[in-house]
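The next block holds one structure in the form of structure tokens; read it before the comments.
The values are calculated or read from the model by the stated rules, or taken from the named source; none is laboratory data. Small disclaimer: the values here were computed from a predicted structure and weren't measured. When we count neighbours, we look across all protein chains shown, and the Cβ atoms used for this are built from the backbone with ideal geometry, even at glycine. Side chains are part of the model used for accessible areas, which takes the heavy atoms of the whole protein and leaves out ligands, DNA and RNA. Shrake-Rupley method; radii C 1.70, N 1.55, O 1.52, S 1.80 Å.
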Amino acid sequence: MNTPTASPNEIAAPRRFPLREVVLFAILLVAVLGVYALMGAAYSTRMLVEAACYAILALGLTIQWGYAGQFNAGVMGFVALGGFCAMFFSIPVNDAFWNTELPGELGRVLLYVVGAVLAVVGASKLDRLGVPKKLRSVLTVILAVVLYMVVISALRGVTGEIESRAGFIGGLGLPAWVGWIVGGALAGGVGYFIGHVCLGLRSDYLAIATLGIAEIIKAFLKNSDWLTRGTATVSPLPWPTPGPAELGFTLSRALYLSVTALIIAVIFFLLHRAYHAPWGRMIRAIRDNEISSAAMGKDINRRRLEIFVLGCILMGIGGGVMTTFNSLFDPQGYLPLNHTFLVLVMVILGGPGNNLGTIFGAVAVYIIWIMSEPLALFLMQLVVNLGEGVFGWDFPANMESRALQARVLVIGLLITLVLRFAPKGLLPEKIKHHG
């Protein structure tokens, strides 16, 4: 009987006092208290909520990269899908759309889309009926192009009517948490499609594929004015908790922070159990030695697909929570720097494969990211004031924009130092060794 295998270098080890964890989290607590003292409660609480949202994204990436060695360069796309679902399910219903015949026409076109997809999939299976593979491929491509032209023409006609008569289709008026769940499911579905196609390729091809899919998702959301209002944005988005109008900025943000902390606690508990379960040991065994795992009868592609989809689900949930908190859906606001590279830095700093380290890295990096701008502005003003008094320098007119660019410099310096002195992160994955 096949049993889940562990990594060849794993064995039980005596427990030790987590001194490094205690010290690092104590330093992090001091940094958070310092931000509260300098910037005030409302600003600092907002920073912690956003850091918590990034922690959810980072947990999704760490199980892909840390558990299974899959490099996902398209985190931004899954975050955008979660944000779209949070917007679509929570904003009020648009009566100007639903009280017309437009929903029926849009539904009819969507049925055409489903039929076209099924027809193309069916054409791709013609070889099972004895059709030569080359002929099958040619017929599939021709059918796909023809059906695409037909469907896109019908869709443009309906969407043009929606934009001219109703603006956009609006939302469903449901609680925001429904959009979070559906956003995670949608991101997982897209992740399943990507993984089913690309996980058999080398890791660099997976990175290229996810990067391209993320840009496609962003372009679709930005140009679908009938669905998302495009560059016009959608706001305000309702919170699942009482907002600033009812409780004030600080208390309402603190309440939202408690919701995000609860989500992180549930995710952390489930991931911790999965990591130490036979399934988690099997995933790490596949990561460390794929050939040996395959020789033991493990379904490599299936397990890799499971972990990739799970990570995408967490990214979709995190994107929904973040978009709801910002109370704004702006497709142009999803940037590779903010929603892919920054999450990658968080995982690298904390330690890929270490859930606790990932949470630490998310909060620490986001504090550095946010506070580098005001600190850089303070230092620049100090130098300029000194230069004006001593050397007669002229005061630059764009100090704020220059200080904003310090974020990129500081994060670049941070990632360089971490890769040089702690390549496995400040809290690396705990690998149990023999003897």
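Listing for the model above:
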{"read-out": "Filter pass, Ile263 being in contact (Cβ under 8 Å) with a residue 12 or more places away in the chain, of a type in the set (A, V, I, L, M), farther than 18 Å from Gly77 by Cβ and in the same structural domain as Leu57 (by TED's automatic domain parsing)", "value": "yes"}
{"read-out": "Matching option when the condition is crowded, with 20+ Cβ neighbours inside 10 Å and in a helix (DSSP H, G or I), among Ala80, Ala116", "value": "Ala80"}
{"read-out": "Qualifying residue in region 208-230 (condition: in contact with a Lys or Arg (Cβ under 8 Å, 6 or more places away or on another chain) and either over 28 Å from Ile263 (Cα atoms) or free of Cβ contacts under 8 Å to residues at least 40 places away in the same chain (or both))", "value": "yes"}
{"read-out": "Within region 173-256, helices (runs of 4 or more DSSP H) holding 2 or more residues that are charged (D, E, K, R) and either over 19 Å from Val93 (Cβ atoms) or open to solvent by less than 30 Å² (accessible area, probe 1.4 Å) (or both)", "value": "203-223"}
{"read-out": "Test: Ile367 is open to solvent by 20 Å² or more (accessible area, probe 1.4 Å), within 21 Å of Val35 (Cα to Cα) and at pLDDT 90 or above", "value": "no"}
{"read-out": "Conditions (1) in contact (Cβ under 8 Å) with a residue 24 or more places away in the chain; (2) touching a Ser or Thr at 6+ places or on another chain (Cβ under 8 Å): number failed by Ala116", "value": "(2)"}
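So that you can scan it fast, the table gives a plain yes or no per residue for (1) at pLDDT below 90; (2) outside the structural domain of Leu314 (by TED's automatic domain parsing); (3) open to solvent by less than 60 Å² (accessible area, probe 1.4 Å); (4) assigned to a helix (DSSP H, G or I):
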{"site": "Leu111", "(1), (2), (3), (4)": "no, yes, no, yes"}
{"site": "Gly122", "(1), (2), (3), (4)": "no, yes, yes, yes"}
{"site": "Val131", "(1), (2), (3), (4)": "yes, yes, yes, no"}
{"site": "Val141", "(1), (2), (3), (4)": "no, yes, no, yes"}
{"site": "Leu147", "(1), (2), (3), (4)": "no, yes, yes, yes"}
